[in-house]
Amino acid sequence: MSMNLGVTDRLKPLLEQVATMVRDEISPLDEEFLAEVAKGNRWEFTPRQTEILEGLKAKARSKNLWNFWLTDSEKGYGLNTVEYAYLAEEMGKAHLGAETFNCSAPDTGNMEVLTRYGNPDQQKQWLDPLLDGKIRSAYLMTEPGEASSDATNISMSCVRDGDEYVLNGEKWWSSGAGDPRCAIYIVMVKSPSDSRTKHQQHSMILVPADTKGVEKIRAMEVYGHDDAPHGHFHIRFNDVRVPASNILLGEGRGFEIAQGRLGGGRIHHCMRAIGAAEKALELMCKRGLDRVAFGKPIVKLGGNFDIIANCRMEIEQARLLCLKAAWMMDKGDARAAAPWISMIKVVAPIMSLRVTDEAVQRFGAGGVSQDTPLGRQWTNLRTLRLADGPDAVHRMQVARAELKKHTQERV
């Protein structure tokens, strides 16, 4: 099978429109949007924030630039994952880029879950408003008391009681749970049975965010920042009751659903990380040419030519690996694609962090201040090395796939 990783004819006009909108309309409003967070309640949108975000979304919808993530679907453009990668990279260049086109995490992964595994009633209640960008969602998997990189440790109790399930336990790093528009949680719970295997002891269940007994304990901070109004919340469930019909697929299907969800989400993060690296390199080059020290532009000082060249080469390498992983996904064999997704999940954040850090260095003290987006970008990228599985776990998966070529035994 030939491997086409280039920009297709059907993608070209979409890519041009998205890139233009990110550059000319979205990026210029990022800092104003973020500056509004400090005004009033950090977990509510100010009128200006609403005006900015909803205005951008309305422009995108009016141009039919919406829900690109729906790859291989009649509901979207029918793009494949390789084609979507180019669009996601452009979105990664702006803070509001992904949400403007209804392509932001964790909603895309949650919408994928509801599309693949939700029943018609669940889809009508939650998927339709998510597809329309009317509500937001959160995905609750990680727990504070467990090594959640091994998901078999997840322990939130889910007990059947008549026509309901009762949930007790805690989740943290629930990204997006702080958003006032967050209406639904998809929650990984433990629903054990002696009749099922080790990887059939967990389930996924839908919990409306306003359900009685759901307690937001605190917003988790990343290097001292709470990422309001999006947030990554620590949440406690105190005898939370939801209808038994809220279970997805049935008891014991949690791992199956998680694997279906996380693959796409992981690579989408990597696509946007490559876009963030491109933005950082652009800022680095412009700064190097404009800033003068010791009588010459700083780009001519020290090893800055080598640094710029290395950044460009590392971006190109990571992009090719990302596109190869996307192509593997498009072939339809999830098991074969998994090591490639793990590879780029390690490579892209590390690369983008390195490029962003070099850009910070070119700006001096200003690079870590609020005067550039680089400090915020670095923080987000550092978090990405932990989100959806830490580097060490993904390296383990890559190594296992490599060793499997040489032995029939599981390593």
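Brief remarks on what is shown
- Within region 300-322, the set of residues being under 19 Å from R395 (Cα atoms) and crowded, with 21+ Cβ neighbours inside 10 Å comprises A318, R319, C322.
- Long-range neighbours under 7 Å by Cβ, at least six apart or interchain, first residue under 30 Å from G55 (Cα atoms) within region 119-147, second among the acidic types (D, E): L130/D107; R136/D107; R136/D179; S137/D107
- Taking the criterion of being outside any loop (DSSP other than H, G, I, E, B) and of a type outside the set (A, V, I, L, M, F, W, C), the residues of region 381-409 that qualify are R382, T383, D391, H394, R395, Q397, R400, E402, K404.
- Screening region 78-95 for residues that are under 15 Å from K324 (Cβ atoms) and among the charged types (D, E, K, R) and picking the one that is nearest to the chain's Cα centre (by Cα) gives E89.
- Residue match in region 66-82 (condition: touching a residue at least 12 places away in the same chain (Cβ under 8 Å), of a type in the set (A, V, I, L, M) and part of a helix (DSSP H, G or I)): yes
- Scanning region 191-207 for residues that are touching a Gly at 6+ places or on another chain (Cβ under 8 Å) and closer than 13 Å to F255 by Cβ gives S191, R196, Q200, Q201, H202, S203, M204.
- Contact map, region 284-303: first residue assigned by TED's automatic domain parsing to the domain that holds A365, second residue part of a strand (DSSP E or B), Cβ cut-off under 8 Å, separation 6 or more or different chains; pairs are G288/P297; L289/P297; D290/P297; R291/P297; I298/V292; L301/A293.
- Checking each residue in region 364-375 for being part of a helix (DSSP H, G or I), of a type outside the set (G, A, S) and surrounded by fewer than 19 Cβ atoms within 10 Å (Cβ to Cβ) picks out only V368.
- Verdict on K93 being buried (at least 22 other Cβ atoms within 10 Å of the Cβ) and at pLDDT 95 or above: yes
- Among the residues of region 27-49, the one identified as among the polar types (S, T, N, Q) and either more than 23 Å from T372 (Cα to Cα) or in the same structural domain as C182 (by TED's automatic domain parsing) (or both) is N41.
- Region 155-188: number of residues that are closer than 20 Å to G145 by Cβ, outside any loop (DSSP other than H, G, I, E, B) and out of contact with any helix residue (DSSP H, G or I) (no Cβ under 7 Å at 6 or more places or on another chain): 15
- Of the residues S149, S174, the single one that is crowded, with 23+ Cβ neighbours inside 10 Å, within 26 Å of H394 (Cα to Cα) and hydroxyl-bearing (S, T, Y) is S174.
The values are calculated or read from the model by the stated rules, or taken from the named source; none is laboratory data. Because the structure is predicted, anything quoted here is derived from the model rather than measured. When we count neighbours, we look across all protein chains shown, and the Cβ atoms used for this are built from the backbone with ideal geometry, even at glycine.
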